[in-house]
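Beneath this line is the structure, given in structure tokens, with notes to follow.
The values are calculated or read from the model by the stated rules, or taken from the named source; none is laboratory data. None of the values given here were measured: they were computed from a predicted structure. Cβ: placed from backbone, ideal geometry, glycine included. Neighbour counts: every protein chain shown. Calculation scope for accessible area: heavy atoms of the full protein, side chains included, ligands and nucleic acids excluded. Shrake-Rupley method; radii C 1.70, N 1.55, O 1.52, S 1.80 Å.
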Amino acid sequence: MRFRAKLVDVGCINHFIRLLTCISKLTKACTMRITPDHLHFTLSDRASQGAMGLWCELQQANFFDKYQMDGVSAEHNEIYLDVAPESVSRALRTAQAAKSVKIKLTRKHCPCLTLAVELLTVTGCSRVVTHDIPVYVVPRQIWCDYREPSMPDFDVGIYLPPLKTLKGFLERMKSFSNFVVVEANQKGEMNLKIETELLTVTTHFHDLGKAPWVSDGTQQRSGEERDPEEMASARTDIRKLLQFVSSQLMTPKKAVCNIVDNSLLHFTMFHEDHILQYFIPAMTL
């Protein structure tokens, strides 16, 4: 089992740092799935079980200048590592002006991701800063728990307004309530609503556009037989929603919210070189 990768392009290095920083803001621990063509960061907990869910997929060719891996066997050419994204993100903070970053799976006192950051000194010489980040190698017998989560039949899929705008409204609304109801319909209308014994506050968005869910080249039309004006809604912790919106350090090409009525909020951030999915379960009254 072997994994080695190298980033040289400054733009790719900084992009990778921002991606890891985003993931570290959403979860303290995740699984890094390494395949010949992709890197994935995922949470094994399922939103259907009342926990947050995360799935991030990036094509290695868009980030790495060198990339070599050998899985556990020729038949199962993959590697699964449990890792703390905050540890990786913190180690990469020294790499923002790096000449190169090498990532290697090593075995020291335990399995580690070793990051070698090559920096230039003021005299033009190179120095290398090495970080050893402990990881846990996931046994092949439980790999099935880390696959991409299956998608339910969404009642509504809608494009999100600008994330900066969404963040501003959520920050103001959190001072009134700990919970927010997100509701939307197929006409491209979305509401953020808080209700307390003393007040009700609703923020309305219009003309956002209906967004079909796209996966693996197939298209699933959310709520195809649903009344276009009928709202699907989910009530959730406003801090969790704000945490997700605030964690997005890069502006996505498209941002989509899918809703399973009274059950689930599913967010997908489509970027040029990676896709990030986040699952927030609904909360009952």
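Just flag the trypsin sites (Lys or Arg not before Pro) in segment 232-285 sitting in loop per DSSP whose Cβ has no more than 16 other Cβ atoms within 10 Å. Each step should come with its number before you reach the end.
Numbers: sites: 235, 239, 240, 253, 254; in loops: 253.
Passing both the DSSP loop test and the Cβ count: 253.
Could you work out the relative contact order of segment 48-123? I mean the mean sequence separation of Cα pairs under 8 Å and 6+ apart, divided by the number of residues, in percent.
Result for segment 48-123 is 18 percent.
Ratio of alpha-carbon Rg to the 2.2 N^0.38 Å globular estimate for segment 1-139, to two decimals, please.
Dividing the Cα radius of gyration by 2.2 N^0.38 Å gives 1.06.
Which residue fluctuates most in the GNM of the chain (Cα springs below 10 Å): 264, 198, 208?
198
Of the candidates 191, 14, 77, which one comes out as most mobile in a Gaussian network treatment of the chain with C-alpha springs shorter than 10 Å?
For the chain, modelled as a Gaussian network with Cα springs under 10 Å, the answer is 77.
For the chain, what log10 I(q)/I(0) values come out of the Debye formula at q = 0.09, 0.15 1/Å, with one point per alpha carbon and no solvent?
Taking Cα atoms of the chain as identical point scatterers yields -0.48, -1.13.
Mind grabbing the accessible area of residue 273 for me, 1.4 Å probe, Å², rounded to tens?
30 Å²
Would you calculate, for the chain, the mean residue ellipticity at 222 nm contributed by helices, counting each DSSP H stretch of 4 or more residues as -39,500 (n - 2.57) and dividing by all residues, to the nearest 500? Before the final figure, lay out each step's value.
Numbers: 4 runs with 46 residues, N = 285.
It lands at -5000 deg cm²/dmol.
Based only on the alpha carbon positions, what is the Kirkwood hydrodynamic radius of segment 88-200, in angstrom?
19.7 Å
Treat each spin label as a single point 7 Å out from the Cα along the C-beta direction, and report the residue 37 to residue 229 distance in nm.
4.6 nm
Work out the FRET efficiency for residue 196 and residue 150 from their Cβ-Cβ distance, taking R0 = 25 Å, and round it to the nearest 0.05.
In this case the efficiency is close to 0.10.
For residue 154, which sequence-distant residues (separation of 5 or more, or a different chain) have an amide H within less than 5 Å of its own amide H, given hydrogens modelled in the peptide plane?
Sorted by chain and number, the residues that satisfy this are 223.
Taking the 0 to 90 degree range and rounding to the nearest ten, how far is the long axis of helix 163-173 tilted relative to the main principal axis of the chain, both from C-alpha atoms?
In the chain, helix 163-173 runs at an angle near 60 degrees to the longest axis.
If the elastic network links every pair of Cα atoms under 10 Å, which of 118, 195, 78 fluctuates the most in the Gaussian network model of the chain?
Taking springs between Cα atoms under 10 Å, the residue moving most is 195.
Can you give the extra length, in nm with one decimal, that the chain gains between residue 132 and residue 172 once fully stretched, where that is 0.36 nm per residue apart less the Cα-Cα distance?
10.3 nm
Which entries of 167/253; 66/254; 28/164; 66/104; 25/108; 164/254 have Cα-Cα distances beyond 20 Å here?
Going by Cα-Cα distance, 66/254; 28/164; 25/108 fall outside the 20 Å limit.
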